[in-house]
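Notes follow the structure.
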Amino acid sequence: MTKPKTPKTVLITGASSGIGEALAIEYGSRGAHVALVARREAELAVVAEKVMSRGGRATVIPCDVANDQAIFDAVRRGDQELGGLDMVIANAGVGSSGHASTLKWQDTARLIDVNIKGAFATLSAAIPIFLAQQRGQLVGVSSLAGKRGLPTSGAYSASKAALSTFLETLRVDLRATCNRASSRRRSTRAATRASRSSGPRTRRRASSRRGSSGLRRSSRFRGHSR
């Protein structure tokens, strides 16, 4: 099996901490130019320094993914400043838990704006770019929580189920235009462990051991002439 090539340019939302930060550092250490997208510009600057100290390049793009126009602008900016995008990772997300009897709509609304609208907008903004250049990979960070409506986590579980289903549809719809699509899932435990260690390489090994359970789904596009 041919080993996947490391993307040269990657845009990551939610890049100021957690999995997003770990992915940025990992891809940067492999020589990629990463576009770091999140609300907190100061934290993004710190991540950018870490990326560059490991031999990568980083471009900071402050943006709240809950603002759909802002994220479309951010993806276009990333495409222009990085000279094209090989991969876009919709990683930004927020969590919320609480018994249904104490549910606060403002918390649920924010979760929907970030986890569903923000992720959908990020991926939607990348699709025309990838189709035009006939290559690219869409990645969405989902969760096993999307498999069931977990106690005290109804909104969060629903948001991850929505993202997983959206990515499944993208794979089906875009397969007719591009000649390859792939899907990967990862367990929450494996993804958490990976974010603390070396990133994508570790996560691929964890995924192969665990079979179909997992956290992330992705759609890869390899263009062909028409």
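Near Arg135, the amide H atoms lying under 5 Å from its own belong to Gly223; only residues 5 or more places off or on other chains count, and H is placed 1.01 Å from N. Close amide H partners of His33, meaning residues 5 or more places away or on another chain with modelled amide H under 5 Å apart, are Thr9, Val10, Arg57.
The local environment of Val51, defined by Cβ-Cβ distances under 12 Å, has a net charge of +1 under the rule Lys, Arg +1 and Asp, Glu -1. The residue list Ala90, Phe72, Ala48 was ranked by how far each Cα lies along the charge dipole of the stretch 40-93 toward its positive end, using unit charges on Cβ atoms, and Ala48 comes out on top. Peptides 98-110, 124-136, 13-25 ordered by packing proxy, namely the average of other Cβ atoms within 10 Å per residue, highest first: 13-25, 124-136, 98-110.
Each value in this text was obtained by applying a stated rule to the coordinates, not by laboratory testing. All of these numbers come straight from a predicted model, not from anything done at the bench. Positions of Cβ are generated from backbone atoms using ideal geometry, with glycine treated the same way; all protein chains shown enter the neighbour counts.
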